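Q: Quick one: the structure is below, and I'll ask about it shortly.
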Amino acid sequence: MPSIIVPARNAPEATAHCLASLLFSVTRLNLKCEFILVDDASDPAEKILDVFRQHRTNAAGHETKIIRSRKHQHYSGVFSIGLNCATRDVVFFISNDMIVTPTFLQATLLVSSLSRDFGIVRGTSNYTDSHPEHEVEPKERPKNFQEVDVFSRNVFSANACRYVEDQLLSGDAILLKRSLIERIGVLDLRFFGYFGDVDYGMRAHLAGFKLVCAKGAWLFHEGSGHVKYEMARRAVTIDEARDRRMTLVETAYREFRKKWHLPGPEVWGGGGGAPDALHFFAQARTQAGRVELKCEFPASVLDDLEFH
């Protein structure tokens, strides 16, 4: 029975829809789950904790852990907090701007069972960060969950347990095995918002695990949820929101280059930002003896957390 990590920074409506879809899906599959819900220093007015508490009430029969960080942790931080709290042999990480279906969970679980070497399994979606080859878009945008579910079932029917190997981890909705987590630990928190998943995938690769995509797994992904929130609630333009994002990307990329001894490009934006440029497995192999594969969860992070 899986652990399911769902982080949220604001966006209560999207978060509630994501959690409702997850609860429907695990109920349909008769799975008893451990939900780990992480509030990443959301604005109090957004009432994310209330959304989480309502889910706990709705998910009677499941275990629900609610954690709030008083400090903004971003992607690598909330993922690592979730991994540190997860206790099950299979762990899902699901972004809060996604609508999950029973067949998405079913397909990823089935593919994960095909080989002990499959350490991380992702699926397909209408919008996939850094994986355009895994984008499967309906002819028309689904109007409701029922239409999302029907399309997801059709994708599963057409592809079943088919999978392909990936050379890159983009960790927006993934399954991880306990054996992998025990071997390489949590994400490297030197990467605040970006490149934490790419680094994690490289460490998984060096540890002997494979990253695969279950082609029969499909979910709906709204995409760019944090950028849209900035625009809607903080009165910033799309250019301003993207500039803020790129500042974080460039900072993380400098740390990534330093860790993996990358020759270049020196600047990510406009230089190496195409998806193929993220395929660093060959570089990882050359650094196998110089990079520590396991990252332990920093005890200092616990000081910023509240458990509800």
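Q: Give me the dipole magnitude in Debye, nearest 20, for the chain about the Cα centre, with unit charges on the beta carbon: positive for Lys and Arg, negative for Asp and Glu.
A: Around 600 debye, computed over the chain.
Q: Quote the charge dipole size of the stretch 24-90 about the Cα centre in Debye, to the nearest 20; the model charges only the Cβ of Lys and Arg (+1) and of Asp and Glu (-1). Numbers along the way, then the final one.
A: Numbers: 10 positive and 8 negative charges, 28 e Å.
Here the stretch 24-90 has a charge dipole of around 140 debye.
Q: Same structure, new question: How high is the relative contact order of the chain, in percent, counting Cα pairs under 8 Å that sit 6 or more residues apart?
A: 22 percent.
Q: A follow-up question, please. Please work out the FRET efficiency for the pair LYS258 and ASP304, using the Cβ-Cβ distance as r and a Förster radius of 30 Å; give the result to the nearest 0.05.
A: 0.75
Q: Before rounding to the nearest 500, sum -39500 (n - 2.57) across all DSSP H runs of length at least 4 in the chain and divide by the residue total; then give [θ] at 222 nm in deg cm²/dmol.
A: Helices in the chain give a 222 nm mean residue ellipticity of -12500 deg cm²/dmol.
Q: Leaving out same-chain residues fewer than 8 places away, which lysines sit with a Cα under 21 Å from that of LYS32?
A: LYS65, LYS177
Q: Treat the count of other C-beta atoms within 10 Å as a stand-in for reagent exposure and order ASP239, ASP97, ASP89 from fewest to most.
A: Arranged by neighbour count, lowest to highest, ASP239, ASP97, ASP89 become ASP239, ASP89, ASP97.
Q: Answer with one residue from THR247, LEU105, MET1: the one whose Cα lies farthest towards the positive end of the charge dipole of the chain, charges on Cβ with Lys, Arg +1 and Asp, Glu -1.
A: MET1
Q: If each of GLU13 and GLN287 carries a label point 7 Å out from its Cα toward its Cβ, how far apart are those two points in nm?
A: 4.2
Q: Now a separate question. Distance between the C-alpha centers of the stretch 45-64 and the stretch 6-33? Whole Å please.
A: The stretch 45-64 and the stretch 6-33 have Cα centres spaced 10 Å from each other.
Q: Next up: Which residue, chosen from VAL26, HIS62, PRO44, occupies the Cα position most advanced towards the positive end of the dipole of the stretch 21-99, where the dipole is computed from +1 (Lys, Arg) and -1 (Asp, Glu) charges on Cβ about the Cα centre?
A: The residue sitting farthest along the positive end of the dipole is HIS62.
Q: Tell me which GluC sites (Glu not before Pro) from the stretch 29-77 have a DSSP coil assignment and no more than 14 other beta carbons within 10 Å of their own.
A: Answer in residue order: no site qualifies.
Q: What length, rounded to one decimal in nm, is gained on full extension from HIS279 through to ARG190, with 0.36 nm per residue of separation minus their alpha-carbon distance?
A: 30.0 nm
Q: Would you list, by chain and number, the aspartates and glutamates whose Cα falls below 12 Å from the Cα of LYS71, excluding same-chain residues fewer than 8 positions away?
A: ASP39, ASP40, ASP43, ASP303, ASP304, GLU306
Q: Now for a different question. Any idea what the dipole of the stretch 98-152 comes to, in debye rounded to 20, about its Cα centre with Lys/Arg Cβ at +1 and Asp/Glu Cβ at -1?
A: It comes to approximately 140 debye.
Q: Now, a different point. In the stretch 59-205, with Lys and Arg counted as +1 and Asp and Glu as -1 at Cβ, which of these residues, LEU168, SER115, ASN126, has the Cα nearest the positive end of the dipole, that is, farthest along it?
A: My answer, from the dipole projection, is SER115.
Q: Please give the length that would be gained between LYS294 and VAL150 if that part of the chain were fully extended, namely 0.36 nm times their separation in residues minus their C-alpha to C-alpha distance (nm, one decimal).
A: 47.8 nm
Q: Describe numerically, in nm with one decimal, the distance between label points set 7 Å from Cα along Cα→Cβ at ASP89 and at LEU248.
A: Label at ASP89, label at LEU248, 3.6 nm between them.
Q: Under 24 Å Cα to Cα from LYS259, which lysines show up? Leave out anything in the same chain fewer than 8 places away.
A: LYS210, LYS294
Q: Same structure again: Within a 10 angstrom radius of the beta carbon, how do THR124, THR101, THR286 rank from fewest other beta carbons to most?
A: Numbers: THR124 25, THR101 28, THR286 10.
Exposure proxy ranking, most exposed first: THR286, THR124, THR101.
No lab work stands behind these numbers, since they all come straight from the coordinates. All values reported here derive from a predicted model rather than from experimental measurement. Neighbour counts are summed over all protein chains in view; Cβ atoms, including those assigned to glycine, are modelled from backbone coordinates with ideal geometry.
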